[in-house]
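Input: a single structure, listed below in structure tokens.
The values are calculated or read from the model by the stated rules, or taken from the named source; none is laboratory data. For clarity, every value in this text was computed on a predicted model and none was experimentally measured. Using ideal geometry, Cβ is built from the backbone for each residue, glycine included, and neighbour counts are taken over all protein chains shown.
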Amino acid sequence: SFGALLKQPEVQSKMDREVRTTLRDLASFEVPKRLLLLPKDFTVESGELTPTLKIKRRVVEQHHRLAIEGLYAEEKA
């Protein structure tokens, strides 16, 4: 499945390299330390986007709270 594919280390490292290549002109504090790959896109129907396709940050944070907290827990470990 797509979710299982996203959890593979090879896929995660490839996406990390691609993001870092794209963001190479930013200052180091502007570049994310970790990435969270989600199995589905944000949609208006799920409430994560406005009708003008802007991200509703609080809704996204609520929906993916455990995964986001997991990223910070990995960073501290």
Residues of the range 56-71 being more than 20 Å from Gly3 (Cα to Cα) and surrounded by 11 or more Cβ atoms within 10 Å (Cβ to Cβ), which ones?
Lys56, Val59
Within the range 22-40, track down each residue that is within 16 Å of the chain's Cα centre (by Cα) and over 22 Å from Glu69 (Cβ atoms).
Thr22, Leu23, Glu30
Tell me yes or no: at least one residue of the range 39-60 is at positive phi and of a type outside the set (S, T, N, Q).
yes
Checking the conditions here, which among Val60, Val44 is at pLDDT 95 or above and within 21 Å of Met15 (Cα to Cα)?
Val60
Check whether at least one residue in the range 23-43 is of a type in the set (Ser, Thr, Tyr) and surrounded by fewer than 10 Cβ atoms within 10 Å (Cβ to Cβ), and report yes or no.
yes
Exclusive hit being of a type in the set (Lys, Arg) and not in a helix (DSSP H, G or I), set Lys14, Lys40:
Lys40
